[in-house]
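Notes to accompany the following structure.
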Amino acid sequence: MKFTQVAADTFSKLQLNAGVLLTEFNPANPALDREKIFGATGGGVSFTAAPEYVDFGEDIDNVPANTKELKKLDSVTATMSGTFKAADTALAKTLIGAADIDASTGKVTPRVDLLDDDFIDVWWVGDYSDVNTDGGTGSNQAAGFLAIHLINALSTGGFSIQSNNKGKGDFAFEFTGHFSLENIELVPYELYIKAGTPSA
């Protein structure tokens, strides 16, 4: 079978396992700080960046639809969704979107107005490539990673819990990245794909 083949480097370009949600990550120094893990997830995490285009030629005579010179990017909707399997007051506040915590009582109170600090950074980072562990002391082996940075993220899925008989509760989530007037051209997500570096 001549064409029932895969590229020779396929197995060095695979994203592996469910990855982890983080509040902070530095791609230039890709260490994992477990204190920055957002929460335990179940069923993986889904990310979608959907562009929206405007066709300025659609109402002009003799111009075919989808003429590339008249197509303009209008916006990008970037969302990250999944299910948390564990929650605390900080995560509940984040999922509600606009809320405040009373640490003395454990009460999380929703509010009607959005504040700037309700918008957060959300990172999803997963193992990538056939080199996916760091080497030991003295080794220059570095693990590969695939990272998605959702910028100015706000919970747009709201707060929900689905309890399960003889099982754990599910906290579904959806975060949406947002543009900012401070830099209107900054698309609200970034993508990093870094292959692992094998030991010399």
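The values are calculated or read from the model by the stated rules, or taken from the named source; none is laboratory data. Predicted model, so just to flag it, every value in this text is computed and none were measured. Neighbour counts run over all protein chains shown; Cβ positions are idealised from the backbone, glycine included.
For first residues located in segment 113-137 and touching a residue at least 24 places away in the same chain (Cβ under 8 Å), partners that are acidic (D, E) and lie 6+ apart or on another chain with Cβ distances below 8 Å form the pairs D121/E24; W123/E24.
Checked against the criterion of being closer than 19 Å to K36 by Cβ, of a type outside the set (G, A, S) and modelled with pLDDT under 95, segment 173-191 has no qualifying residue.
Please verify whether D33 is more than 20 Å from T94 (Cβ to Cβ) and of a type in the set (D, E), treating the condition exactly as stated. Taking the combined requirement at face value, the residue does not satisfy it.
When L186, L191, L146 are screened for being among the hydrophobic types (A, V, I, L, M, F, W, C) and assigned to a loop (DSSP other than H, G, I, E, B), only L186 passes.
Against the list (1) out of contact with any Pro (no Cβ under 9 Å at 6 or more places or on another chain); (2) among the hydrophobic types (A, V, I, L, M, F, W, C); (3) in a loop (DSSP other than H, G, I, E, B), the condition F159 fails is (1). Here W123 passes the criteria (1) part of a strand (DSSP E or B); (2) over 24 Å from I37 (Cβ atoms); (3) of a type outside the set (V, I, T) except the one numbered (2). Selection within segment 41-76: residues that are in contact (Cβ under 8 Å) with a residue 40 or more places away in the chain and surrounded by 15 or more Cβ atoms within 10 Å (Cβ to Cβ). The member of this set that is farthest from N132 (Cα to Cα) is A49.
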